[in-house]
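Below: one structure, written as structure tokens.
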């Protein structure tokens, strides 16, 4: 007697697919708009302010990023992953941890402000870092509905909040820079936008009556799941921000500002891809791993094709035409950002592939590969940048960063092989997509002349 798949399962599958497609469209559309607004504001502010302003804020954000990473216990991913992630006591405990973390970030920024200003011989950094540190305190009070919406793949309202807060941030920055063209325009806009985002998270998303609560079982579950995330975050800080941390010491502040302009474009692609992987495909892969594990690898590579066509194509085009983009959008003070952007596009392409693979391993509960990835990249950066600076100056450092995903490739592929999830021919497909887009960029540049 032939067996047929039970009919009731079909609507559930279609529903999951529909949710994923809708969440992906919101994420891509919303993040593309937010990143576009951010880049537009960067172009406008680059004309209103001076390269030193971007250099100073690059240093400030290095340490803010570090404080965030060194205090990351994976509260958001725990809410998405844990089967109790929508229960009140779990959410209240998660929110309590989040609030405590926000307070610690702000205190940490205040404590670091003076030594940082002394190390970089820039007195302005004292007040800039102390003021920007308040972002941590404000974000600590964000509603956990941000994460429960992600768990349910209902990302539309979350994306709207982020776009609105980003728009508010940009408007405040530009108006401030027009009236008082100082670096404080960047700080003031950030603080106002963060306040708007926190308020909207409570009043625009589904309401949940948050209160300070400590449930030992919930706290243990968050810590257990987030322990590898915490270790990973420490080394992620070194791997992702190590270049700016060290270059701020080696380079004049203005040159660091030019470097940060180039990273705005490369970071825009990386952030969009990372957000899509974490917000959409992590919940989707987690649900597939729980309910239909035999379909996981096939579903992953089908999704990877679309991700590669979008992000590897963008990376390849930037690698061949990045200098043209900078020449068109910025004045001569930022011309060096062109070749920097071209080199960093190599890292963007490799990161796009490896982030997707890391997300697949994450959905299988293999969070230690996230730590291994961060550790491998951190070792490359810490060892490579001083040597690259000694032998090749700025160009050597940029090339070191461009190829910083090479050690990560070995780590992540080991995990993929162990989970029987690596398909070499489909990985080769990704390389061909990048090469084709790079060639198209060269042809376009030649045609434009």
Open item on the list: Using Cα-Cα distances under 8 Å and only pairs 6 or more residues apart, what relative contact order does the chain have, in percent?
Closed with: 20 percent
Open item on the list: Which one, 164, 222, 175, has the greatest fluctuation when you compute a Gaussian network model over the chain with C-alpha springs under 10 angstrom?
Closed with: 175
TODO: Assuming 1.306 mPa s and 10 °C, estimate D for segment 112-196 with Stokes-Einstein, Rh taken as the Kirkwood radius over Cα pairs, in µm²/s.
DONE: 109 µm²/s
TODO: Just rank 282, 265, fewest to most, by other beta-carbon atoms within 10 angstrom.
DONE: 282, 265
Task: Label corresponding to Rg/Rh (Cα atoms, Kirkwood Rh) when calculated from the structure given, among [x] 0.99; [y] 1.05; [z] 0.96 - done: [z]
- [ ] Please find, in a Gaussian network model of the chain (springs between Cα atoms separated by less than 10 Å), the residue of 280, 414, 398 whose mean-square fluctuation is greatest.
- [x] 414
Open item on the list: What is the distance in Å between the Cα centroid of segment 28-60 and that of segment 113-127?
Closed with: 23 Å
Open item on the list: Quick check of the Kirkwood formula: for segment 251-443, what is the inverse mean of 1/r over all pairs of different Cα atoms, in Å?
Closed with: 17.5 Å
Open item on the list: Tell me the mean residue ellipticity at 222 nm calculated for the chain from its helices only (DSSP H runs of n ≥ 4, each -39500 (n - 2.57), averaged over every residue, nearest 500).
Closed with: -28500 deg cm²/dmol
Open item on the list: Under 10 Å, Cα contacts only: if you run a Gaussian network model on the chain, which one of 417, 163, 62 comes out with the highest mean-square fluctuation?
Closed with: 417
Task: For segment 251-443: relative contact order, % (alpha-carbon pairs under 8 angstrom, 6 or more apart) - done: 30 percent
Task: Fraction in percent of alpha-carbon pairs per bin - 5 Å, segment 228-342 - done: 2, 10, 14, 16, 16, 15, 11, 7, 5, 3, 1, 0
Task: Shape category assigned to segment 75-138 from the gyration tensor of Cα positions, a/c cut at 1.5 - done: prolate
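Taking only the alpha-carbon atoms of segment 300-404, what semi-axes of the equivalent ellipsoid follow from 5 times the gyration tensor eigenvalues under a square root, in whole Å, largest first?
28, 21, 8
Any read-out appearing in this document is the output of simple, stated calculations on the displayed coordinates, not a laboratory observation. All of these numbers come straight from a predicted model, not from anything done at the bench. Note that each Cβ is placed from the backbone with ideal geometry, even for glycine, and that neighbours are counted across all protein chains shown.
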